[in-house]
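Structure first, commentary second.
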Amino acid sequence: MFRLDHKVALVTGGASGIGLAISRMFARQGAYVHILELNVEQAQRAVDEIRAEGGQAEAHAVDIAQQAVVLGAINEIAARQPFHILVNNAGIAHVGKAHTTPEADFDRIVNVNIKGVYNCLYATIPHFLAAGGGVILNMVSIAATVGIPDRFAYSTSKGAVYTMTLSVAKDYLAEGIRCNSISPARVHTPFVDGFLAKNYPGQEKEMFEKLSKTQPIGRMAKPDEIAGLALYLCSDEAAFITGCDYLIDGGFEKLNN
Ligand SMILES: NC(=O)c1ccc[n+]([C@@H]2O[C@H](COP(=O)([O-])OP(=O)(O)OC[C@H]3O[C@@H](n4cnc5c(N)ncnc54)[C@H](O)[C@@H]3O)[C@@H](O)[C@H]2O)c1
């Protein structure tokens, strides 16, 4: 079960954290993985690791915020190799409330976290339509559906991706395209380490403990735990699932009371 043999997957932000875990797990399950990344050196290291484990992968230098670049890369891949799965994983963090988020920061979050996902959908869906179907998985966050302090721009962006998931699932039901999303609470990745180093210098360990305890289960998720759910949702075993957001949050949304 949950094999991806003969499937080709595009994973944005696949060089680090959750995206890296997804890329490695998909490759282990038989998929050919294309990593679309801003950090192409790190993406190439991920590809080398996947190949060393006997998997198949390629790295592509892509800033998802730039539509021409996304179209160029995805059309070039499609011309060589039909693909079946798109994982919109790449995303960036931001700390601030509405009145402390400067315009430039808001624009940057919108351009990567919202427009970047739209760009990948725009480039991919025509190929799925031509092929008669496909699977899309968006990385959302609990920030989309509960109030997280000091995350105005980030939460806004994830709320947009949550809604995009519903819109896409509805629009392409008849064309065999499934679209779902995953909403993790905190996952221990470089995203979290970078956030702690930037915002709590000298207090990283203490803040790590504090953030771990905000999940009722008492810790952060491991990237592989998110990758396992991603694998299921992108596999043929999940053929009956579309238009759903899956919490994977150690009880954060339902048990924090
Ligand atoms: N880590 C968490 O606690 C957590 C929780 C909920 C949701 N998420 C979401 O999961 C996703 C992955 O998070 P992570 O923790 O693995 O992050 P990460 O920072 O470890 O990895 C993100 C990757 O995306 C790439 N990237 C960033 N901007 C890009 C762009 N414009 N074009 C292409 N690639 C780009 C980065 O180079 C990096 O390799 C994000 O969408 C994030 O919002 C993370």
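The values are calculated or read from the model by the stated rules, or taken from the named source; none is laboratory data. Here the structure is a predicted model, which means the values were calculated and not measured. Note that each Cβ is placed from the backbone with ideal geometry, even for glycine, and that neighbours are counted across all protein chains shown.
Couple of notes before you dig in:
- Looking only at segment 142-198, residues that are of a type outside the set (Phe, Trp, Tyr), in a helix (DSSP H, G or I) and within 10 Å of the ligand (Cβ to nearest atom) come to 10 in all.
- Filtering segment 141-184 to residues that are of a type in the set (A, V, I, L, M, F, W, C), touching a residue at least 24 places away in the same chain (Cβ under 8 Å) and closer than 28 Å to residue 126 by Cβ leaves 144, 160, 161, 164, 166, 168, 169, 173, 177, 179, 182.
- Of everything in segment 22-36 that is buried (at least 24 other Cβ atoms within 10 Å of the Cβ) and of a type in the set (A, V, I, L, M), the residue that is farthest from the ligand (Cβ to nearest atom) is 31.
- In summary, residue 82 fulfils each of the numbered conditions (1) in contact with a strand residue (DSSP E or B) (Cβ under 9 Å, 6 or more places away or on another chain); (2) more than 9 Å from the ligand (Cβ to nearest atom); (3) modelled with pLDDT under 95 with the single exception of condition (3).
- Qualifying residue in segment 220-230 (condition: under 20 Å from the mean Cα position of the chain (by Cα) and modelled with pLDDT under 95): no
- Test: residue in segment 204-226 that is touching a Gly at 6+ places or on another chain (Cβ under 7 Å), part of a helix (DSSP H, G or I) and over 27 Å from residue 29 (Cβ atoms): yes
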